[in-house]
Amino acid sequence: MDLSHTSPAPTAPPPTPPDSDPSAVKGRAVHPGDKIFRGLSRGSGITLLVIMAAIAAFLTYRASIALSANSANFLTAFEWNPQGDPPAFGIGILAFGTAVSSVIAMVIAVPVAVGIALFISHYAPRRIAAPLAYVIDLLAAVPSIIYGLWGALFLVPYLDGLTRWLDRFLGWTTLFEMSNPGSPARSIFTVGILLAIMILPIITNVCREVFLQAPKMYEEAALALGATRWEVIRMSVLPFGRSGIISASMLGLGRALGETMAVATVLSPGSVFTWHLLDPGSGTFAQNIAAKFNEADEFGRDALIASGLVLFVITLLVNGAARYIIARRKEYSGADA
Amino acid sequence: MSPGPAAPTPRAPAHAPSRTHPEKATDTMAKRIDVSGLTAFYGGHRAIDDISMSVEPRSVTAFIGPSGCGKSTLLRTLNRMHEVTPGGRVEGKVMLDHEDLYGTSVDPVAVRRTIGMVFQRPNPFPTMSIYDNVAAGLRLNGDFRKKELDGIVEKSLKGANLWNEVKDRLGKPGSGLSGGQQQRLCIARAIAVQPQVLLMDEPCSALDPISTLAIEDLIGELKSRFTIVIVTHNMQQAARVSDRTAFFNLSAVGRPGKLIEIDDTERIFSNPSVQATEDYISGRFG
């Protein structure tokens, strides 16, 4: 790259008569460096769009092959039998399992993550806050198969007491009723707890960053009015961080929806639908694909790809919703202050 | 800041009477401040050293002095905001009438409800409406009926000379106001809780001259009801608004700030008793 042409322009003495030294002010309107960099950045942007389009096209094409031969309603059927004659498969169980496990994960993880983030940013002394933040970062770096092994070998047996308790006191809700109390808790409920632990770090980290950026001037304003520490946080930190909490939660939700290995390791899948969250069974989109892909034939894979397309669309919608919520709150976000 | 045992004493007189007789209470609220032997630290650094002075009730006292002389630090010790800064620590006594603000049974949160503060940069809560900003301090104090709250908000905004400009848009965010209006909103927010003292930390330094004039006029009106302490870099402003002026100086950068003298403003600006004061106000500083 020939940079020598670009250097005279910025360093040239400004007020030279046009005829004395034309090279000082005249030059190429477009410098090669600019051109190359613009091409590179534009190319990167286009590549990204092309990849996204290619993924969508691939999923749609393969899915359409499977869907055109499907005899059941793909969106509502609670069976998965692409080998049948005629093939009949639907995402009912998967949608239910994915939604329920993600909801359980969010209900547990979001309040805890916000609490940890506030502790690190506003309560803990600095010598505790820094190591704690570091440990949370480490938690995010653990591979998901490790979480899966831990979930299957540690969490499942140790949740036995909790599941029995839930069955006894909340069994009347049907959701927490166990058909077979004492059986290993390889259920969608356990998956939810495991997912909560897995999405905790990302939600915590984003929230912590946002809380730390809350302007000190508003915290001082609240303090000077005689606010206690909690009131300071409620008046000046949480409102400022609200959109951050939402986007952090959505990021966590995105991970929970798509998590594969950990779920596949813990869950013992069942092809029969059950409302009982503590019973083994059910499944999620990603877990179902991972569990069935290897033994599926060509058509079976297309059917799995069709379910993958649904997951793809759901993830897009979740991100879109997060952005919409953040954009809508702009006037009150404090970003302009 | 460690929330110590709740001390009802400084808080109760501020609000118990104001709930029932707001008008009557305002006449008796302003209190006098006596500072004795006050030293403030940032970690190991001594920011101000052994300061003793008095602030008269229902008057304006101005703190002037070069940057780093500790006048803002002293101001922040008066409502226990200094200790919020990491490493912030105070030795000595600050008496509000007959009560030591640094006494062991005093709750710093209660102190700050009694002594209001206005900051250099206007800082209305950006997520709150104009109305909610003024009501913010009251809501911290507990239950007010809507009607009661409406009355106090209107009275406070009138007291801050802002009512006519915002009465039609009380539900709009406070961040939509101009800088000068935002600062008056902050003053309304501070006086809404009927404090006994109002501390102002360079309240006009981020404002244009017209907004500055509006705030200075307001200070002149508020001093009939409150004890006001104002830190300012603007000596004309100190001369215009204050009754008493305290001059602070430091012997060198990094050395603690000291009180050089405090006297009637007229005397400080015409015939100060210390040479350093005269040098500073006449621009022969250093």
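The values are calculated or read from the model by the stated rules, or taken from the named source; none is laboratory data. Since this is a predicted model, take the numbers as computed values, not measurements. Cβ placement follows ideal geometry from the backbone for every residue including glycine, while neighbour counts extend to all protein chains displayed. Ligands, DNA and RNA are stripped out before the accessible areas are found, and what is left, the full protein with its side chains, is counted by its heavy atoms. Shrake-Rupley method; radii C 1.70, N 1.55, O 1.52, S 1.80 Å.
If I filter the range A:183-205 down to residues being farther than 17 Å from A:VAL107 by Cα and in contact with a Ser or Thr (Cβ under 7 Å, 6 or more places away or on another chain), which single residue comes out as modelled with the lowest pLDDT?
A:ALA185
Filter the range A:230-239 for residues that are crowded, with 20+ Cβ neighbours inside 10 Å and at the interface with chain B (Cβ under 7 Å from one of its Cβ atoms); which is farthest from B:GLY116 (Cα to Cα)?
A:PRO239
Can you name the number of the only condition in (1) farther than 27 Å from A:ALA129 by Cβ; (2) within 18 Å of the chain's Cα centre (by Cα) that B:GLY68 fails?
(2)
Got a sec? Which of A:ALA306, A:ALA322 is away from chain B (no Cβ under 14 Å), at pLDDT 90 or above and either touching an Asp or Glu at 6+ places or on another chain (Cβ under 9 Å) or assigned to a helix (DSSP H, G or I) (or both)?
Numbers: A:ALA322 fails: at pLDDT 90 or above.
Criteria check complete, one pass: A:ALA306.
Return yes when B:ARG139 is outside any helix (DSSP H, G or I), open to solvent by 10 Å² or more (accessible area, probe 1.4 Å) and of a type in the set (Lys, Arg) and no when it is not. Break it down into steps so the answer makes sense when it comes.
On the way: outside any helix (DSSP H, G or I): no; open to solvent by 10 Å² or more (accessible area, probe 1.4 Å): yes; of a type in the set (Lys, Arg): yes.
No, not satisfied.
Limited to the range B:159-176, what total is found for residues that are more than 14 Å from chain A (Cβ to nearest Cβ), more than 15 Å from B:ILE215 (Cα to Cα), part of a loop (DSSP other than H, G, I, E, B) and open to solvent by less than 80 Å² (accessible area, probe 1.4 Å)? Spell out the reasoning first.
Within the range B:159-176, the first condition is being more than 14 Å from chain A (Cβ to nearest Cβ), and the residues that meet it are B:159-168, B:170.
So of that shortlist, the ones also more than 15 Å from B:ILE215 (Cα to Cα) come out as B:164, B:166-168, B:170.
From what is left, the residues that are part of a loop (DSSP other than H, G, I, E, B) are B:167-168, B:170.
Next, only the ones that are open to solvent by less than 80 Å² (accessible area, probe 1.4 Å) stay: B:170.
Adding up the residues that qualify gives 1.
Filter the range B:177-198 for residues that are basic (Lys, Arg) and away from chain A (no Cβ under 11 Å) and give the result.
From the range B:177-198, those basic (Lys, Arg) are B:184, B:189; that's our starting set.
Matches in the range B:177-198: B:ARG184 only.
Is it true that B:ILE130 is open to solvent by less than 10 Å² (accessible area, probe 1.4 Å), within 25 Å of B:CYS204 (Cβ to Cβ), within 9 Å of another protein chain (Cβ to nearest Cβ) and among the aliphatic types (A, V, I, L, M)?
No: the conditions fail for B:ILE130.
Just give me the residues in the range A:201-229 being open to solvent by 30 Å² or more (accessible area, probe 1.4 Å), in a helix (DSSP H, G or I) and either within 10 Å of chain B (Cβ to nearest Cβ) or farther than 15 Å from A:SER121 by Cα (or both), in sequence order.
A:ILE202, A:LYS216, A:MET217, A:GLU220, A:ARG229, listed by residue number.
Within the range A:26-71, work out how many residues are closer than 18 Å to A:LEU311 by Cβ and not in a helix (DSSP H, G or I).
1
Can we say A:ILE289 is away from chain B (no Cβ under 14 Å), modelled with pLDDT of 85 or more and open to solvent by 10 Å² or more (accessible area, probe 1.4 Å)?
Values: away from chain B (no Cβ under 14 Å): yes; modelled with pLDDT of 85 or more: yes; open to solvent by 10 Å² or more (accessible area, probe 1.4 Å): yes.
Answer is yes for this residue.
Could you tell me whether the range B:166-179 includes any residue that is of a type outside the set (D, E, K, R) and within 19 Å of the chain's Cα centre (by Cα)?
Looking through the range B:166-179, at least one residue is of a type outside the set (D, E, K, R) and within 19 Å of the chain's Cα centre (by Cα).
In the range B:72-102, what residues are without any contact (Cβ under 8 Å) to a residue 60 or more places away in the chain and either more than 14 Å from chain A (Cβ to nearest Cβ) or assigned to a strand (DSSP E or B) (or both)?
Passing the criteria: B:GLY88, B:ARG89, B:VAL90, B:GLU91, B:GLY92, B:LYS93, B:HIS98, B:ASP100, B:TYR102.
Keeping to the range B:177-203, report how many residues are without any contact (Cβ under 8 Å) to a residue 60 or more places away in the chain and open to solvent by less than 10 Å² (accessible area, probe 1.4 Å).
Initial filter on the range B:177-203 (without any contact (Cβ under 8 Å) to a residue 60 or more places away in the chain): B:177-181, B:184, B:188, B:192.
Now drop any that are not open to solvent by less than 10 Å² (accessible area, probe 1.4 Å), which leaves B:180, B:188, B:192.
The qualifying residues number 3.
Does the range A:120-139 include one or more residues that are free of Cβ contacts under 8 Å to residues at least 60 places away in the same chain and not in a helix (DSSP H, G or I)?
Yes, the conditions are met somewhere in the range A:120-139.
Restricting to the range A:108-137, name every residue that is of a type in the set (A, V, I, L, M), open to solvent by 40 Å² or more (accessible area, probe 1.4 Å) and either at pLDDT below 90 or over 26 Å from A:ALA290 (Cα atoms) (or both).
We begin by selecting, within the range A:108-137, every residue of a type in the set (A, V, I, L, M); these are A:108-110, A:112-114, A:116-118, A:120, A:124, A:128-130, A:132-133, A:135-136.
Cutting the leftovers down to open to solvent by 40 Å² or more (accessible area, probe 1.4 Å) gives us A:108, A:112, A:128, A:130, A:132, A:135.
Matches in the range A:108-137: A:VAL112, A:ILE128, A:ALA130, A:LEU132, A:VAL135.
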